[in-house]
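Enquirer: A single structure is presented below for examination.
The values are calculated or read from the model by the stated rules, or taken from the named source; none is laboratory data. In this text, all values refer to a predicted model and were calculated from it rather than measured experimentally. Cβ sites come from the backbone with ideal geometry, for glycine too, and all protein chains shown count toward neighbours.
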């Protein structure tokens, strides 16, 4: 293993030399507006051909100009593309599609569906459409955002998935029959991401509908994975949900695992949940220790930590974006720049890229127009405003238009070596790839709202502040408004408490002492015990003894040299 | 067909022209590398542009290459090769990790890869260097020019006598090409001297000797005796020994540690100037180089007597005191925020006759006009600068009036493009800076400027007062008495000096706080990575030698008067709806300390997920708190620097500054969750509202104000509750409607159920009837069968009788052989019995068919009944 590592090390060093030349035109700025319009045109080219030739099937087949069902039979591309329509500003089409979906989609069907895909695409898509529907001018019910037809559809779809979670470990099966539940004889082997990618949608559902069952099963599954991590703190690729034995023991950040880590962070942000964040930070340490080599992340054996595959996967490109959300911008940018060199070599990211050989891996040469690298570019552009990130956007637009555009849409690139095309256009192309590209080129989009504008909505549960920014994207790029979660579940006690406190602001003499409530570990203070019996001094002591160096739910502020860390310049830590 | 469609694939589209057919660039879009190689014989200089058609960078560079080609096509062959198409030779033979790749050949020498900026001017400059790697130094004045350049220079002396080429010349030539391979920025210039007397000026006597010129340190002669005289060695020797007084930084755009490595060496002075590599003279650059030279000139400072003639600089450099005012005036009058592209222009008519240069900075400004929507246009386009220059020179006469003792800017319409405006800002620079040299071995006199009685001269002299005390530029800054000469050796805060082209790298200047409102893209900053501070040269001062000198001096002295620069986000825009006050570096003190209110300040960053998800809580808080006493504010800490004591290392951080005790700010404890009740408690705990002073009139007044506030708050609350109630009413109505709808539905369903039940009953009846008929039919069938049986028995009897009869016949045959009539009668009877047999079997078949038909209908009717139920 040492020999492997050493030789690998020398290869990795070589990488620094393979650097592309020329800032040139890019350093002087792109015409962002014109690229934004090209992305918009891309969207409509694909969307209109889907409606014309493929609807109501799940996906468009761009080479044969027809449709096919892939992940079920729910007009998947339409559900997935719905919120992209709003982000592009097409309110009328959004409204039309909402009514089409309300009438046309039926989940009472005898179909074996992937629990994971149905959750992220269907439940996630419907939830975000539900939360955005008021903004899109759809006439909403009085109880909105805590009730509504799209929310009911999302709930119905999610309930169809619940039987999969009935296992001894709480980890779900990978496939469920929407009509009959888990099929007898269904395989108990599920990939890690298929277990740990529910908290964003399911917690949102629970908060909006008031039924805790969704959040409960999602948390239980997350905890089961956490319990089964290896001694060195890594998780494998596939696990038996009955026996909790790891079936595939490759540990990495890509395929099969990716969105598990993503949802730990996004769950922590959405729910202000320290427990989820502390899990992620532990994983992050192990990932850095065992899988990271010179800004690349490799695959290792989960128990021993030895390198099993020196490979970069297209799916791993979400990682820099995730890092930027928690403030690790420097590392994110360095890894991003590595990944960008692969794009420059092929005009896309191959599913697998052998790092030491500097070439694609056999049978994994395809690029199904995945969004991950563009997603990271969008997040990083928010953080750094580095024109290099717009350059990636430019390259993506040029590549996709030149290589994969056909008369009926955009086709998956079957082989990046010769740019042969495949007869498929995945629904994430319109849900994610186009959306992130557009957002990269549209810095004033409402999705980037930094809290300077917001909506006030009166609901039967009280007044809510909504659409104040901070949208959390699920792993299929469906944005969730974190304020909405707070809106529906806001307890009456909190309202009365706030009212009581407000009284104090208008009296000259303070009647009570005010002591802060300690947050329970689960985030939003489930155990609302009265802390006032403890004296303030005691509280102070406790606080000090328990005190961490910093809160888990925070980002480090950026270092001085980040001012100059643009146009490819990276800085080494002084440590 | 379905499964076949799944396997449908499509090969990549066939390659098409990348360059237009009218382009001077030969486009081998099928990747014909063999043909490309063949073409190399046609031209001394060849440029290969290896591209991939899908590559954004190739597309962006295409226009630049095309422009260079249009200017050099008579001397250089431009060949573009599609090195992506997998059927092409190029793809099969070459393995590139990125596109485009530019290779240059000088005859058989090559490839020389160009790795500089993808900008036409830089590419053209490089191509020209490849074309003439050696400068021909024919005279003393040319030598002077060569040596005065800020970039290191290597000179070779070769006597061209009878033989076509003196020994070593070819090696020297090749080493010049080699240096371009190694050092793609072309910082080392190579020159060749053929005249013996000129060579003597730099103490070169023997033909074949090579000389490396250095400004500060002793110049060197290539040690033939120690190192082999090869092209590689000469190049290596020059690279190793060259003097880097001031360095260009040109990040290539890929991942790089360039700035990291340079800035870790110590504090650095970064100077941003617009630079056109093709321009023949760079007055501003020369001025900066002079400062750099002085700064590093340690030997010189020790020398007691500076040679007055040495630099030809007996006059002190002359500048205009009004420059400063003029600039400030200008920044007020012109609010043009950003120029994408600028270039320094020297007015040609002037430099031949005057001691001053009239230097203009020319900026393309499209923001003033309407711009047609083009797709691939990079912002700083060579064509546009060119066009601007032409327009500028055409309108030059207007600038004769402009040239005066101030910097003045004017906008003028482009001659060529109605969509573009240009802005030119002109000032004067002393000509002496252009001609200084400082080789220790050479003493030249600056050519005396002959002031002829040229008509324009007097005007100019009149309007440009030259001699000024340079110190009066910067009245507000402390200036150390120390001379800058050799300062780098005398201070322990030595600066490394760097140049950046602001046409390419202005973004770094912006990051360091270059004001967006200035119209000149000039900027200087000292960056100290270790101390995490940077200082900025006051942008109201023009970037000239003297201001730079003072900047350096102020940095070097013990108690530096320079203040850490705090970058401020000036792009903050204010929304009407804003309830949270957005604080910037500039407004921080006023908002937080000078306001007579309690201030809750949130430190945040837009990219930090934990901050953004709290937006709604702070908005709610700001809407709740009485605005007369509280400000809820926030500051984006990645875009706004604050004094050290107010910096924070984690985000979000919440600070509370109580009114009247602003210095005693408190931090919201990090281990408490950020929600509305907690924030309110935190504020209540620390706010200074509770004053236990005896109640005076003032206090009473306060009380009433407070109560009024409370009343309005309660009114708002009541309003809110009212709307909540109305929402509840609506919801109630909605529910009621839904309920009655449901009831109606239930009723309808009930009715439906009844009818269905009825139908069910009738169906049942029907089915009973059918059952009965079925039984009946069955009975009938049985009877039939019996009858059949009987018939069969009868026929059997008949058969038996028949056989009996046959036997009888047989027995009687012998006896009654003669009786034919009886025999005939017997035969007819036999035929009759056979006919009977056939008809029986057909009836059985039809009966069976009928039976199955009956069962079928019963079954279908049954299932139909079930479905409707």
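Enquirer: Count, please, the residues in the stretch A:272-312 that happen to be part of a helix (DSSP H, G or I) and farther than 28 Å from residue A:361 by Cβ.
Expert: Count: 10.
Enquirer: A follow-up question, please. Exactly one of (1) within 14 Å of another protein chain (Cβ to nearest Cβ); (2) touching a strand residue (DSSP E or B) at 6+ places or on another chain (Cβ under 7 Å); (3) within 26 Å of residue B:685 (Cα to Cα) is unmet by residue B:595. Its number?
Expert: Only one criterion in (1) within 14 Å of another protein chain (Cβ to nearest Cβ); (2) touching a strand residue (DSSP E or B) at 6+ places or on another chain (Cβ under 7 Å); (3) within 26 Å of residue B:685 (Cα to Cα) is unmet by residue B:595, namely (1).
Enquirer: Collect the residues in the stretch A:157-189 that are under 16 Å from residue A:210 (Cα atoms) and crowded, with 17+ Cβ neighbours inside 10 Å, keeping them in residue-number order.
Expert: A:158
Enquirer: Continuing with the same structure: Identify the residue in the stretch B:585-622 that is out of contact with any helix residue (DSSP H, G or I) (no Cβ under 9 Å at 6 or more places or on another chain) and touching a residue at least 24 places away in the same chain (Cβ under 8 Å) and, among all such residues, is surrounded by the most Cβ atoms within 10 Å (Cβ to Cβ).
Expert: Checked the stretch B:585-622; the qualifying residue surrounded by the most Cβ atoms within 10 Å (Cβ to Cβ) is B:611.
Enquirer: Right, something else. Within the stretch A:146-205, can you find the residues that are within 22 Å of residue A:472 (Cα to Cα), in contact with a strand residue (DSSP E or B) (Cβ under 8 Å, 6 or more places away or on another chain) and in a loop (DSSP other than H, G, I, E, B)?
Expert: Scanning the stretch A:146-205 gives a single hit, A:146.
Enquirer: Next up: Looking only at the stretch B:260-275, count how many residues are more than 21 Å from residue B:554 (Cα to Cα) and in contact (Cβ under 8 Å) with a residue 60 or more places away in the chain.
Expert: Matching residues across the stretch B:260-275 total 5.
Enquirer: Related question: Name, by its number, the condition in (1) within 14 Å of chain A (Cβ to nearest Cβ); (2) over 22 Å from residue B:644 (Cα atoms) that does not hold for residue B:534.
Expert: Against the list (1) within 14 Å of chain A (Cβ to nearest Cβ); (2) over 22 Å from residue B:644 (Cα atoms), residue B:534 comes up short only on (2).
Enquirer: Counting residues that are more than 28 Å from the chain's Cα centre (by Cα) and in the same structural domain as residue B:236 (by the TED database), which strands (runs of 3 or more DSSP E) fully inside the stretch B:91-176 reach at least 1?
Expert: B:134-137, B:153-157
Enquirer: Among the residues that make up the stretch A:257-266, is at least one of them in contact with a strand residue (DSSP E or B) (Cβ under 6 Å, 6 or more places away or on another chain), modelled with pLDDT of 95 or more and buried (at least 24 other Cβ atoms within 10 Å of the Cβ)?
Expert: Taking every residue of the stretch A:257-266 in turn, at least one turns out to be in contact with a strand residue (DSSP E or B) (Cβ under 6 Å, 6 or more places away or on another chain), modelled with pLDDT of 95 or more and buried (at least 24 other Cβ atoms within 10 Å of the Cβ).
Enquirer: OK, next. State the number of residues belonging to the stretch B:233-278 that are on the phi > 0 side of the Ramachandran plot and touching a strand residue (DSSP E or B) at 6+ places or on another chain (Cβ under 7 Å).
Expert: Going through the stretch B:233-278 one residue at a time, the tally reaches 1.
Enquirer: Here is a further query. Evaluate the following for residue A:240: is it closer than 18 Å to residue A:305 by Cβ, modelled with pLDDT of 95 or more and out of contact with any helix residue (DSSP H, G or I) (no Cβ under 9 Å at 6 or more places or on another chain)?
Expert: No.
Enquirer: Of the conditions (1) within 13 Å of chain B (Cβ to nearest Cβ); (2) touching a helix residue (DSSP H, G or I) at 6+ places or on another chain (Cβ under 6 Å), residue A:345 clears all except one; give me its number.
Expert: All conditions pass for residue A:345, except number (2).
Enquirer: Considering each of B:198, B:291 in turn, give the residue that is within 22 Å of residue B:528 (Cβ to Cβ) and assigned to a helix (DSSP H, G or I).
Expert: The conditions single out B:291.
Enquirer: Out of the residues in the stretch B:623-632 that are more than 10 Å from chain A (Cβ to nearest Cβ) and touching a strand residue (DSSP E or B) at 6+ places or on another chain (Cβ under 6 Å), which is surrounded by the fewest Cβ atoms within 10 Å (Cβ to Cβ)?
Expert: In this case the residue turns out to be B:631.
Enquirer: Where residues in the stretch A:553-562 are within 7 Å of chain B (Cβ to nearest Cβ) and surrounded by fewer than 20 Cβ atoms within 10 Å (Cβ to Cβ), which of them is farthest from residue B:674 (Cα to Cα)?
Expert: A:560
Enquirer: Out of the stretch A:41-84, which residues are buried (at least 22 other Cβ atoms within 10 Å of the Cβ), without any contact (Cβ under 8 Å) to a residue 40 or more places away in the chain and away from every other protein chain (no Cβ under 14 Å)?
Expert: Residues satisfying the conditions are A:75, A:78.
Enquirer: So residue B:74 fits all but one of (1) closer than 25 Å to residue B:128 by Cβ; (2) touching a strand residue (DSSP E or B) at 6+ places or on another chain (Cβ under 7 Å); (3) in a loop (DSSP other than H, G, I, E, B); what number is the exception?
Expert: (2)
Enquirer: Next up: In the stretch A:238-254, what residues are farther than 19 Å from residue A:289 by Cβ and assigned to a loop (DSSP other than H, G, I, E, B)?
Expert: Residues satisfying the conditions are A:241, A:242, A:243, A:244, A:245.
Enquirer: Evaluate the stretch B:80-91: report whether one residue or more is at pLDDT 95 or above, within 14 Å of chain A (Cβ to nearest Cβ) and under 23 Å from residue B:177 (Cα atoms).
Expert: no
Enquirer: Hey, another quick one. Regarding residue A:336, is this residue crowded, with 22+ Cβ neighbours inside 10 Å, facing chain B (nearest Cβ under 10 Å) and over 25 Å from the mean Cα position of the chain (by Cα)?
Expert: Answer is no for this residue.
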